[in-house]
Amino acid sequence: MKPVRMQLAASALVFAMAFPALGRAGDLDSPSTGRGALNAKVEYCTYCHGPSGRGYRGFYTMPRLAGQTPEYLENQLRAFAELRRDRSIPVRMSRVHALKPSMRAALAAHFNGLNPPVVGRGSSEHAGTGRKIYEEGVPETNVPACVACHGPTGMGAGPSPRLAGQLSAYTQKQLLGWSRDRGQDPATVDSSAVMKSIAGSMSKTQVQAVSAYLNSLK
Ligand code: HEC
Ligand code: HEC
């Protein structure tokens, strides 16, 4: 079963690379954001983001969208569109994620409302250390407690995303590559700025531990 799913996600990416027009605004949009148009978009999104938006573990790990805060989802879709976040993988994320603003809001509400099971499980070996970092931060290196913004159970709030149940490889990739990927318009300070020094102050081992812990939260 896995290899087939893997091929699907891989071919979705290859397809997006080979036919970049696929994601151009309007290709899959009907004039409205009615149910038919929304369903078509959702199907397109879940092709990469896994059934019910639960994420997908493959060559390129696809992040979980289910249960994510609407504000964070919309912020990211805008960031892709405005090329403030477009460098993480060799596919133009701005094209894949091009949407009308009204469709962004509808999709954000849709994925926020889903609650499928979590993909993967954090390795219990590191989760204890990860929990300590999450709840207390790392005072020696000025890493603040994540709980302050991301909430006691990692469910996020407003612009601070839900981290609970996120695929560990994805969380690691974000934290280790923060400055390379996010906040790419130097003229605009965006919602990603607050994480820049936090991510930059964490060691790889700390990132692995906190990512394992977060994946274990439902
Ligand atoms: C061709 C595959 C593909 C398709 C189709 C796709 N995405 Fe993505 N999406 C990705 C990848 C890969 C990432 C992670 C990029 C990275 O590693 O930073 C991503 C990231 C995101 C993020 C940021 C998640 C986070 O936690 O920061 C959001 C939000 C998102 N996608 C929403 C959508 C929506 C909504 C759709 C449907 C309109 C969609 N995606 C369609 C591949 C895809
Ligand atoms: C002061 C508030 C604040 C603190 C403290 C904080 N974060 Fe964040 N975090 C945010 C915000 C806001 C974002 C959204 C950034 C964006 O819009 O690009 C974010 C985004 C993230 C993301 C990206 C999620 C995704 O789906 O791509 C990860 C991972 C993350 N934070 C982990 C952590 C960890 C681990 C800690 C503790 C070591 C932490 N954060 C502490 C506010 C905070």
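Just a few scattered comments:
Every residue, every condition in (1) among the small types (Gly, Ala, Ser); (2) free of Cβ contacts under 8 Å to residues at least 60 places away in the same chain; (3) out of contact with any helix residue (DSSP H, G or I) (no Cβ under 6 Å at 6 or more places or on another chain), yes or no:
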{"site": "Lys132", "(1), (2), (3)": "no, yes, yes"}
{"site": "Glu135", "(1), (2), (3)": "no, yes, no"}
{"site": "Pro139", "(1), (2), (3)": "no, yes, yes"}
{"site": "Pro144", "(1), (2), (3)": "no, yes, yes"}
{"site": "Ala148", "(1), (2), (3)": "yes, yes, yes"}
{"site": "Pro152", "(1), (2), (3)": "no, yes, yes"}
{"site": "Ala157", "(1), (2), (3)": "yes, no, yes"}
{"site": "Ala164", "(1), (2), (3)": "yes, no, yes"}
{"site": "Ala169", "(1), (2), (3)": "yes, no, yes"}
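- Pairing residues of the stretch 65-82 that are in contact (Cβ under 8 Å) with a residue 24 or more places away in the chain with residues that are open to solvent by 50 Å² or more (accessible area, probe 1.4 Å) and part of a helix (DSSP H, G or I), at Cβ distances under 8 Å and at least 6 apart in sequence or on separate chains, gives Ala66/Ser52; Gly67/Asn112; Gln68/Asn112; Thr69/Asn112; Pro70/Ala109; Pro70/Asn112; Leu73/Asn112.
- Matching residues, the stretch 171-180, being at pLDDT 95 or above and either of a type in the set (S, T, N, Q) or crowded, with 20+ Cβ neighbours inside 10 Å (or both): Thr171, Gln172, Gln174
- Taken over the stretch 150-204, the criterion of being more than 8 Å from ligand 2 (Cβ to nearest atom) and of a type in the set (Asp, Glu) is satisfied by Asp181, Asp185.
- Scope the stretch 176-197; condition touching a residue at least 24 places away in the same chain (Cβ under 8 Å) and closer than 24 Å to Met62 by Cβ; matching residues: Leu176, Gly177, Arg180, Asp181, Arg182, Gly183, Gln184, Asp190, Ser191, Ser192
- Scanning the stretch 184-202 for residues that are touching a strand residue (DSSP E or B) at 6+ places or on another chain (Cβ under 6 Å) and closer than 18 Å to Ala81 by Cβ gives no hits.
The values are calculated or read from the model by the stated rules, or taken from the named source; none is laboratory data. Computed from a predicted structure; not experimentally measured. Methodologically, a virtual Cβ is constructed for each residue, glycine included, from the backbone with ideal geometry; neighbour enumeration extends over all protein chains shown. Quick note on the areas: whole protein, heavy atoms, side chains included, nothing else; ligands and nucleic acids left out. Shrake-Rupley method; radii C 1.70, N 1.55, O 1.52, S 1.80 Å.
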